[in-house]
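The values are calculated or read from the model by the stated rules, or taken from the named source; none is laboratory data. Just so it is clear, the structure is predicted and the values come from calculations on it, not from any experiment. Using ideal geometry, Cβ is built from the backbone for each residue, glycine included, and neighbour counts are taken over all protein chains shown.
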Amino acid sequence: MAFNINNFISNMGRDGLRPNLFEIILPTVSGAPNATFALKAKSTALPASSVGVASSFYFGRQAKFAGNRVFADWTVSVLMDEFDFQPGGSKGQLEQWSGLLNSHIGNIRNAGYVPPSVYMKNGTVLQYGKSGDIVGTYQMTGCFPIDVGAIPVDWGANDTIAEFSVTFAMQYWTSVSSVN
């Protein structure tokens, strides 16, 4: 079969998904009902999930069976504003959340953060179409920060915006199709 560009174009029904049209929503640490903030994410990747293999031998032959699903950690690169060091800013929210899990000085968890149902939060990644409508939603269930990354400071870093990364452990993610 010969290459036909028109077949390729006609099979691209919505003109291709743009990976730069996304937003990440996280709950605030304050615990106020339905209080969220939009993380100023520069980039992320929707985490991988894989199914393990449970194998057994039978008369010298390996038989493979589907095992358990494992979800990779979720890492996000975050752009910073000067406000982000404040408690309501992205860096402040994430450092406070991490600090409630295990304090910097006492190596203890905040008493209000003892049950997992309190410290595990649900994050949302919204994928937008070119017309501004939501075309995909990913729910990161039971996530919490395991690494709030460094902020490089550099006298030679002119005309740049500071950024840091945050890595979340999570229980699982689900995909909700929002395409009309």
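Side notes on the structure shown:
- Condition met for Tyr128 (over 28 Å from Pro152 (Cα atoms), surrounded by 17 or more Cβ atoms within 10 Å (Cβ to Cβ) and touching a helix residue (DSSP H, G or I) at 6+ places or on another chain (Cβ under 9 Å)): no
- In region 74-83, residue surrounded by the fewest Cβ atoms within 10 Å (Cβ to Cβ) [restricted to those that are in contact (Cβ under 8 Å) with a residue 40 or more places away in the chain and more than 12 Å from Pro145 (Cα to Cα)]: Asp81
- Candidate set from region 103-125 (those that are in a loop (DSSP other than H, G, I, E, B) and of a type in the set (A, V, I, L, M, F, W, C)); member that is surrounded by the fewest Cβ atoms within 10 Å (Cβ to Cβ): Ile105
- Being out of contact with any Pro (no Cβ under 7 Å at 6 or more places or on another chain), modelled with pLDDT under 90 and among the aromatic types (Phe, Trp, Tyr) holds for only one residue in Tyr113, Tyr138, and it is Tyr113.
- Selection count where residues are within 19 Å of Asp84 (Cα to Cα), surrounded by 15 or more Cβ atoms within 10 Å (Cβ to Cβ) and in contact (Cβ under 8 Å) with a residue 24 or more places away in the chain, scope region 148-178: 7
- Within region 69-87, the set of residues being assigned to a loop (DSSP other than H, G, I, E, B), of a type in the set (A, V, I, L, M, F, W, C) and either under 15 Å from Met170 (Cβ atoms) or out of contact with any strand residue (DSSP E or B) (no Cβ under 7 Å at 6 or more places or on another chain) (or both) comprises just one member, Ala72.
- Residues that are touching a Gly at 6+ places or on another chain (Cβ under 8 Å) and over 23 Å from Met120 (Cα atoms), drawn from region 19-62: Leu21, Val51, Gly52, Val53, Ala54
Conditions tested, residue by residue: (1) outside any strand (DSSP E or B); (2) more than 27 Å from Trp97 (Cα to Cα); (3) over 18 Å from the mean Cα position of the chain (by Cα); (4) hydrophobic (A, V, I, L, M, F, W, C).
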residue	(1), (2), (3), (4)
Phe8	yes, yes, yes, yes
Ile25	no, no, no, yes
Lys42	no, no, no, no
Leu46	yes, no, no, yes
Val51	no, yes, yes, yes
Gly67	no, yes, yes, no
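- Checking Phe71, Phe65 one by one, the residue that is exposed (fewer than 11 other Cβ atoms within 10 Å of the Cβ) and either touching a residue at least 40 places away in the same chain (Cβ under 8 Å) or over 29 Å from Glu163 (Cα atoms) (or both) is Phe65 and no other.
- The lone exception for Cys143 - which of (1) in a strand (DSSP E or B); (2) surrounded by fewer than 15 Cβ atoms within 10 Å (Cβ to Cβ); (3) not β-branched (Val, Ile, Thr) it fails: (2)
- Among residues of region 88-102 being without any contact (Cβ under 8 Å) to a residue 12 or more places away in the chain and closer than 22 Å to Glu23 by Cα, the one that is surrounded by the most Cβ atoms within 10 Å (Cβ to Cβ) is Gly89.
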